[in-house]
Structures are given as C-alpha cells and as structure tokens.
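The values are calculated or read from the model by the stated rules, or taken from the named source; none is laboratory data. On a predicted model such as this, the values are computed, not experimentally measured, just so you know. Ideal geometry is used to build each Cβ from the backbone, glycine not excepted, and the neighbour counts take in all protein chains shown. Note: areas computed on protein heavy atoms with side chains; ligands, DNA, RNA excluded. Shrake-Rupley method; radii C 1.70, N 1.55, O 1.52, S 1.80 Å.
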Amino acid sequence: MVHCQAAFLIRTRPWTLYKYVLYCIKWLYSYLYRPNRLQRVQLPGEFSTWTALAGGMPQGSWLGPLSFIVMTDVLPPAPILHKYVDDTTISEPLSSTSQTSDIQSYSNKYSLWTSQNSMKINYSKTKEMLLRPLLKLNVPGLDIDHNLIERVSGFKLLGVHVSNNLS
C-alpha cells in the first residue's frame, strides 16, 4: 500500500486541476447516460416493479437540484430572479401604474433559453400574479409559447402564501 501524505495540501498544478475536471465530467456523463439503468420505488413494506430509464437525472437524486442550479446560473437577465431547486420566479417591480411592463419580453427570453438548454416549462404550474395597483388596470394576459398563463390572486412560494392584496 502506498500512502501519499497530505496529497491534497500540495500545490496543485494546472494540468492536475484539468484532470480532476475531466474525471468529474466523465463520471457525471456515465451517471446520466448509463445504458440499461433500472429504477424502482420503495414504499413501506413493498417495492414497485423495475422500470428502464432512457437517461437523465434519476428522480430523488441529490444531484438533480444541484445540476439545475448550475444550469440556471446563466439565465437571461430579468429585473428580479428568485431560483429554488426547480422553480424560478421572475418579478418585475413597476414604480407607477403608467409604467409599461416588460414581463412578456422577459418570459419570451426565458422560454427561448429553456428550449436552447433542453428544458421544458411546465405551463400548468406557471402562474402570473398582479399586485394591488395593477389590479385596476386592463393588463393583457401573459402568453408563453402560445400558452396563456393562468392569472391567480395568490399562490404558495416556498411555504409562504402570497396574495395580490399583500394581506
């Protein structure tokens, strides 16, 4: 047995760092695209049947949220972006009711970004909410890829209920 004392405390050369990155990429690739991967679900006292996966991140993997955060680190600019696991909230504060909203433009850019990065928007879970002063205006509905987004008076964000009257 050979033991390297304080192997990671030694100053790392650039080629060594390159090697680590290359090994990490190879490992991640083999994890995501392993042929003939099987998965099943365990409930108390029973198991489901094995099902073949075509590829991608296995459900429940801790790498799923981490890889999503890494991928969404380069989202198109928006006024305010809140990201948590697989949810992204785009907020646009308007200083007055006469100010024009650019939220449709931001949504179009986000939609383009998701398609370019092999991701899909879940339109049934995507919501739009207008806050107090804007409720009085005739604001056109938000449309993403010819899907009219449901306008709601409240929703739950990270366990907090938010309503359009801020009560």
Task: Identity of the residue in segment 62-114, hydroxyl-bearing (Ser, Thr, Tyr) and in a strand (DSSP E or B), that ends up surrounded by the most Cβ atoms within 10 Å (Cβ to Cβ) - done: Thr88
TODO: Return yes when Lys120 is closer than 26 Å to Gly56 by Cα and open to solvent by 90 Å² or more (accessible area, probe 1.4 Å) and no when it is not.
DONE: yes
TODO: Quickly run through segment 98-133 and pick out the residues that are of a type in the set (A, V, I, L, M, F, W, C) and within 18 Å of Leu81 (Cβ to Cβ).
DONE: Ile103, Leu112, Trp113, Met119, Ile121, Met129, Leu131
- [ ] Output the number of the condition that Cys24 fails; it satisfies all remaining conditions of (1) outside any helix (DSSP H, G or I); (2) within 23 Å of the chain's Cα centre (by Cα); (3) not hydroxyl-bearing (Ser, Thr, Tyr).
- [x] (1)
- [ ] Please enumerate the residues belonging to segment 22-59 that are open to solvent by less than 70 Å² (accessible area, probe 1.4 Å) and of a type in the set (A, V, I, L, M).
- [x] Leu22, Leu28, Leu32, Leu53, Met57
Open item on the list: Test of understanding: among Ile69, Ile80, Ile25, which residue is at pLDDT 80 or above and closer than 30 Å to Arg151 by Cα?
Closed with: Ile80
TODO: Might you check whether a residue that is closer than 22 Å to Asp86 by Cβ, modelled with pLDDT of 75 or more and either outside any loop (DSSP other than H, G, I, E, B) or under 25 Å from the mean Cα position of the chain (by Cα) (or both) occurs anywhere in segment 46-58?
DONE: yes
